[in-house]
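Each remark here refers to the structure printed beneath this line.
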Amino acid sequence: MKKYDLIIIGAGPGGYTAALRAAENGLHVAIIEKRQIGGTCVNFGCIPTKALIQASRIFHEASHSDRYGVISSGVTYDKDKVMAFKDGIIESSRDEIIKELKEANVDIIMGTATIFPHLDVQVITNDGQELDLSADDIIIATGARTIIPDIPGIHLPAVLTSTQLLSEQQDFLTDLVVIGGGVVGVECAYFMRRFHQNITIIEKSDRLLPPMDPEISREIYNYAEKDGMELHTSCVVDKIEQQEDGRLVCTYRNLNTGEEATVTSSHVLVAIGRRSCTEDLFSLDCQIEMENGKIKVNKNFKTSMDHVYAVGDVSSDIQLAHVAAAQGHVVVEQIMKKANRTVMLSTVPSCLFIELPIVPSCIYLSPEIATVGLSEAEAREKGLQVRCGKYSIKENLKAMIDPDAYGYIKVVFEERSDVLIGAQMVCPRATDMIGEMATAIANGLTSTQLLYAMRAHPTYNEAIARAVENSRK
């Protein structure tokens, strides 16, 4: 039996970042992955989605280049080359992670792991070998997979998950019905629409992007509708049927009126959420406490088993790659018994008595969406007195160069202390700029302190200062 200081099961962002941090601190580490290094994020999620969004954006810009005085005609795209571009980005990303792990002397084991009592781990490798390992500590980072609802017809060949849409060479999609108006569904709908596909989104909630601030949801709904998408909120799909010509018919129902209707498409994308991957992870004599389908952990990410931790989608309510990575860092620092954490997931400013989340949430549409901290509504629900500032991005001089630029930046301050407690952005470069707001919240900065910083001109970043200034009027 081979002994390690740390065994990590799952090589997504939570797993591989924890492995690198542990190895940097001198631990003997093994990381076990049954599919591909990089996990869902690199292979079937974040990276391929953003690659396809970029390709669709280039196609859109080229198709409308005459507004810049650049005359083009007959602009089209080659689907195989678009997919090859996406695959190349995935391969490069995966190769870089593997290179870093090998340079850090992390043992990479491709196979399926099962945890036994006394921190023993059995691995059936992908080539059929059986390995017996043990460790002083174990981190579970096995992620999550797409929830498949119990809908008649859901297993028809042309009904896809996001993994299939992003990783396989599908037949040409002429139109697409998206079941689920959350982040995954909306991002996939966005790049498909930019490739001139007919898109219908059916969402159970009364708005798109239900976890987001309602103001953002309205903005994106209006954008999607203007862009030609067919949107049905407060609706559920009751069945999917295949016609003789191979096309699919979705029957959906309005939850408020009970009225039924149908929509026909070449394919259907299922994107209603994801559930934790824990199948075959524990032996029969080694059970672990679960809660709402996830591995239950305490505030330090410890499970009900001593020296066993869980990070990322397998245990977290916030299913984001950077959250998994941050949690992995926190766990390694606990294992190393480091007194001071280098990564924070939340903060309590000295002048307030409430915990503020400092996890950025980003959606890569056009315009981009990024939020951090509390929205105005959330702050008021918690009993805080707030002061808000808002600035329309159309008034920004850099935005005037981009005919598609629209949206706003909104900042939320606690009234008495003047401390920033939240920010919401719907604008170009929002996902790049939200880091400044996260840093400000993490350090308890006030509007006065935020205005000390000089921002270059012309940049979208100037709009942050204008929004802060607006909050002080």
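The values are calculated or read from the model by the stated rules, or taken from the named source; none is laboratory data. Please read all numbers here as calculations on a predicted model, not as lab measurements. Positions of Cβ are backbone-derived with ideal geometry, glycine not excepted, and every protein chain shown enters the neighbour counts. Calculation scope for accessible area: heavy atoms of the full protein, side chains included, ligands and nucleic acids excluded. Shrake-Rupley method; radii C 1.70, N 1.55, O 1.52, S 1.80 Å.
Table for the structure above
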| read-out | value |
| --- | --- |
| Index of the failed condition, ASN292 passing every other in (1) more than 17 Å from ILE138 (Cβ to Cβ); (2) in contact (Cβ under 8 Å) with a residue 12 or more places away in the chain | (2) |
| Pair list, Cβ under 6 Å, 6 or more apart: segment 445-471 residue in contact (Cβ under 8 Å) with a residue 24 or more places away in the chain and more than 21 Å from ILE421 (Cα to Cα), other residue open to solvent by 20 Å² or more (accessible area, probe 1.4 Å) and aliphatic (A, V, I, L, M) | PRO458/LEU397 |
| In segment 427-449, the residues that are among the charged types (D, E, K, R) and either in a helix (DSSP H, G or I) or open to solvent by less than 50 Å² (accessible area, probe 1.4 Å) (or both) | ASP432, GLU436 |
| Restricting segment 223-241 to residues that are in a strand (DSSP E or B) and under 23 Å from HIS196 (Cβ atoms), the residue that is most open to solvent (accessible area, probe 1.4 Å) | GLU230 |
| Only one of LEU173, LEU166, LEU208, LEU160 that is at pLDDT below 90 and crowded, with 20+ Cβ neighbours inside 10 Å | LEU166 |
| Failed condition for GLU376, given (1) surrounded by 19 or more Cβ atoms within 10 Å (Cβ to Cβ); (2) in contact with a Leu (Cβ under 8 Å, 6 or more places away or on another chain) | (2) |
| Selected residue [of a type in the set (Asp, Glu) and surrounded by 18 or more Cβ atoms within 10 Å (Cβ to Cβ)] from ASP213, ASP150 | ASP213 |
| Wholly enclosed strands (runs of 3 or more DSSP E) of segment 242-336 bearing at least 2 residues open to solvent by 60 Å² or more (accessible area, probe 1.4 Å) | 260-265 |
| Unmet criterion (only one of (1) in contact with a helix residue (DSSP H, G or I) (Cβ under 9 Å, 6 or more places away or on another chain); (2) surrounded by fewer than 21 Cβ atoms within 10 Å (Cβ to Cβ); (3) at positive phi; (4) not aromatic (Phe, Trp, Tyr)) for LEU119 | (1) |
| Selection count where residues are of a type in the set (A, V, I, L, M), within 13 Å of ARG94 (Cβ to Cβ) and buried (at least 24 other Cβ atoms within 10 Å of the Cβ), scope segment 18-45 | 1 |
| Positions within segment 415-426 being part of a loop (DSSP other than H, G, I, E, B) and not small (Gly, Ala, Ser), in sequence order | GLU415, ARG416, ASP418 |
| Extreme residue, modelled with the highest pLDDT, among residues of segment 337-362 that are touching a helix residue (DSSP H, G or I) at 6+ places or on another chain (Cβ under 7 Å) and not in a loop (DSSP other than H, G, I, E, B) | CYS362 |
| Hey, VAL348 β-branched (Val, Ile, Thr), over 30 Å from ALA55 (Cα atoms) and surrounded by 21 or more Cβ atoms within 10 Å (Cβ to Cβ) or not | no |
| Subset of segment 185-211 (residues that are out of contact with any Gly (no Cβ under 9 Å at 6 or more places or on another chain) and over 17 Å from GLU259 (Cα atoms)) | GLY185, GLU187, CYS188, TYR190, PHE191, MET192, ARG194, PHE195, HIS196, GLN197, THR200 |
| Residue list for segment 11-66, filter: free of Cβ contacts under 8 Å to residues at least 12 places away in the same chain and either part of a helix (DSSP H, G or I) or in contact with a strand residue (DSSP E or B) (Cβ under 8 Å, 6 or more places away or on another chain) (or both) | GLN54, ILE58, GLU61, SER65, ASP66 |
| Residue check for LEU133: of a type outside the set (Lys, Arg), modelled with pLDDT of 95 or more and closer than 30 Å to GLY26 by Cβ | yes |
| Subset of segment 369-386 (residues that are in a helix (DSSP H, G or I) and either without any contact (Cβ under 8 Å) to a residue 12 or more places away in the chain or among the small types (Gly, Ala, Ser) (or both)) | ALA377, ALA379, ARG380, GLU381 |
| Test result for LEU133, open to solvent by less than 20 Å² (accessible area, probe 1.4 Å), on the phi < 0 side of the Ramachandran plot and over 31 Å from the mean Cα position of the chain (by Cα) | yes |
| Any hit, segment 156-166, residues being polar (S, T, N, Q) and closer than 30 Å to ALA379 by Cα | no |
| Residue ID - nearest to the chain's Cα centre (by Cα), chosen from residues in segment 58-76 that are open to solvent by 60 Å² or more (accessible area, probe 1.4 Å) and closer than 23 Å to LEU165 by Cα | ILE58 |
| Number of the exception - SER366 against (1) free of Cβ contacts under 8 Å to residues at least 40 places away in the same chain; (2) part of a loop (DSSP other than H, G, I, E, B); (3) open to solvent by less than 50 Å² (accessible area, probe 1.4 Å) | (1) |
